[in-house]
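Okay, so here's the structure we're looking at.
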Amino acid sequence: MSLIGHVYLLPLERVKALLAEPTTVLAVIDGAYNAPGQGFVDLDKAWNALHYLLTGSARDGVGPLAFLLHGGTPVGDDLGLGPARVFEPLEVAAVADALADVSQVKLMPRFDLKKFERLDLYPGRWSEVNLRSDYDLGYYFGPLEQLKSVSRRAKHEGLGMLVWIS
């Protein structure tokens, strides 16, 4: 089974409803898959590398840049790598602000494939990644640009966010 990362924007009313009734998280997630372009970002298997690039840690991290694996309020049952986590609008605004200064150029010095292998970053097979390939780099930095875009949108519209890995 693969572990796939996801981010989905939610209006404040949905955030409040989800926090009041966490067991409805699966219905929200089902709706996310049917709403591409509505604030849904499919990180695929790039989530762990992105977390590392943003935080410098394989699994730890604090602050808004650690949002892929930490922060927010857990809701519902374990989906594969813990429960989904809902972020309120102010938390998402902090993520947007933190991501604003992040770029591929700034993160490339951390893109050390041998270190990724040593740290056992998911999904592994780092020896097969070609850092000179636009396709391979796009697999990681394309979702990063989408995260920057949706978090910026969320900040301006006062939206919350749901993050899960399943």
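The overall shape of the range 118-166 is oblate: from the C-alpha gyration tensor, with semi-axes ordered a ≥ b ≥ c, the ratio a/c is 1.5 or greater and a/b is no larger than b/c. 3J(HN,Hα) couplings calculated from phi for the range 145-156 with the Karplus curve 6.51 cos²θ - 1.76 cosθ + 1.60 (θ = phi - 60°) are, in sequence order, 5, 5, 4, 4, 5, 5, 5, 5, 4, 4, 4, 6 Hz; Gly and Pro show x. Take 159-165, 109-115, 78-84, 119-125 and order them by the average number of nearby Cβ atoms within 10 Å per residue, most first; the result is 159-165, 78-84, 119-125, 109-115. Taken about its Cα centre, the chain carries a charge dipole of about 400 debye when Lys and Arg each add +1 at the Cβ and Asp and Glu each add -1 at the Cβ.
Once the dipole of the range 5-165 is set up with Lys and Arg at +1 and Asp and Glu at -1 on Cβ about the Cα centre, which of ALA96, SER149, TRP126 lies farthest towards its positive end? So the residue we want is TRP126.
Paramagnetic label reach from ARG59 (point 7 Å along Cα→Cβ; backbone nitrogen cut-off under 13 Å): within the range 117-136, residues 119-122.
What FRET efficiency would be calculated for the residue pair ARG110, GLU157, taking the C-beta separation as r and a Förster radius of 25 Å, to the nearest 0.05? So, using R0 = 25 Å, E works out to roughly 0.20.
Given axes a ≥ b ≥ c from the Cα gyration tensor, I'd like to know whether the range 71-141 is rounded (a/c under 1.5), prolate (a/b larger than b/c) or oblate. Walk me through the numbers before you get to the answer.
Details: a/c = 2.77, a/b = 1.45, b/c = 1.90.
Oblate, since a/c reaches 1.5 and b/c is not below a/b.
Each Cα pair under 8 Å and six or more residues apart adds its sequence gap; the mean of these over the residue count of the range 5-165 is a relative contact order of 36 percent. Rounded to the nearest 500, the 222 nm mean residue ellipticity of the chain from helices alone is -13000 deg cm²/dmol, with -39,500 (n - 2.57) taken per DSSP H run of at least 4 residues.
Remark: the range 120-133, residue by residue, has Karplus-estimated 3J(HN,Hα) of 6, 5, 6, x, x, 6, 5, 5, 8, 7, 10, 6, 9, 8 Hz, where x stands for each Gly or Pro and the curve is 6.51 cos²θ - 1.76 cosθ + 1.60 at θ = phi - 60°.
Annotation: for a label point projected 7 angstrom from Cα along Cα→Cβ of THR73, no residues of the range 139-166 have a backbone N closer than 11 Å.
Return the ratio Rg/(2.2 N^0.38 Å) for the chain, where Rg is computed over Cα atoms only.
Working: Rg = 15.3 Å, N = 166, 2.2 N^0.38 = 15.3 Å.
Taking N as the residue count of the chain, the ratio is 1.00.
Between LEU43 and GLY5, HIS6, VAL7, the built amide H atoms are under 5 Å apart, and every one of these is 5 or more places off in sequence or on another chain.
Relative to the present Cα-Cα distance, how much length would full extension add between LEU131 and GLU145 at 0.36 nm per residue of separation?
Values: separation 14, 0.36 × 14 = 5.04 nm, distance 1.76 nm.
Result for the pair: 3.3 nm of gain on full extension.
None of the figures in this text is laboratory data; all of them are computed from the coordinates on show. Source: prediction; values computed, not measured. When we count neighbours, we look across all protein chains shown, and the Cβ atoms used for this are built from the backbone with ideal geometry, even at glycine.
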